Amino acid sequence: DIATATRWAAQKPEIDGTRVCAYGASYGAYAAYMLAVRNPELLRCTAGYVGVYDLNIMFTEGDVPKSWGGTAFLERSLGTDKAELDEFSPVSHADKIRANTLLIHGDADIRAPIAHATALRRALKPEGKEPGWIELDRSGHGAGSMENKLKLYEGLLRFLNENLQPDEAMARHAEP
């Protein structure tokens, strides 16, 4: 379990447990944001790339429900109870996320359509958590072009550098 591993690592003397960021792609992005929902005290920042953030969208958007057996697969693997799907969707719990956030998504992703990132972005804004946003042009469920890879990794590194500085450096960085 990610939370257990994070707590274990944070207890090590060589690790600063106050400077933790969760990052993942696709399911990993879902897991990073659910960690921010379920264990907000663990994270300073959360970043997701081509993530699934609203399980209900899985039934209406993308290539899975359009493929042969896709809807049946989703029903077996995710269930059909809307309240349960909401309970296990980060978009339904934006109010619990305290970490600074970044969303990275390709505008042509058919596996996890950009509607997931857009929905989470909309949910975070009223909570005062305007997420960083990197939209990769003509990109699917992966960065594809070298231009998009640079945009992805430079943006992610900038986000991590801004959020994972030691506390005294964060204080100096925040001063006008």
ask   = Inside region 87-120, can you point out the residues that are in a helix (DSSP H, G or I) and either free of Cβ contacts under 8 Å to residues at least 40 places away in the same chain or surrounded by 24 or more Cβ atoms within 10 Å (Cβ to Cβ) (or both)?
value = Glu87, Pro90, Val91, Ser92, Ala94, Asp95, His116, Ala117, Thr118, Leu120
Test result for Phe59, in contact with a helix residue (DSSP H, G or I) (Cβ under 7 Å, 6 or more places away or on another chain) and under 30 Å from Gly17 (Cα atoms) = no
remark   = When Pro126 is run through (1) of a type outside the set (Asp, Glu); (2) open to solvent by 40 Å² or more (accessible area, probe 1.4 Å); (3) touching a Lys or Arg at 6+ places or on another chain (Cβ under 6 Å); (4) within 18 Å of Ala36 (Cβ to Cβ), the failure sits at (3)
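The values are calculated or read from the model by the stated rules, or taken from the named source; none is laboratory data. Keep in mind that what you see is a predicted model, and the values were worked out from it rather than measured. Every residue, glycine among them, receives a Cβ derived from its backbone with ideal geometry; neighbour counts consider all protein chains shown. In case anyone asks, the SASA skips ligands and DNA or RNA and just uses the protein heavy atoms, side chains included. Shrake-Rupley method; radii C 1.70, N 1.55, O 1.52, S 1.80 Å.
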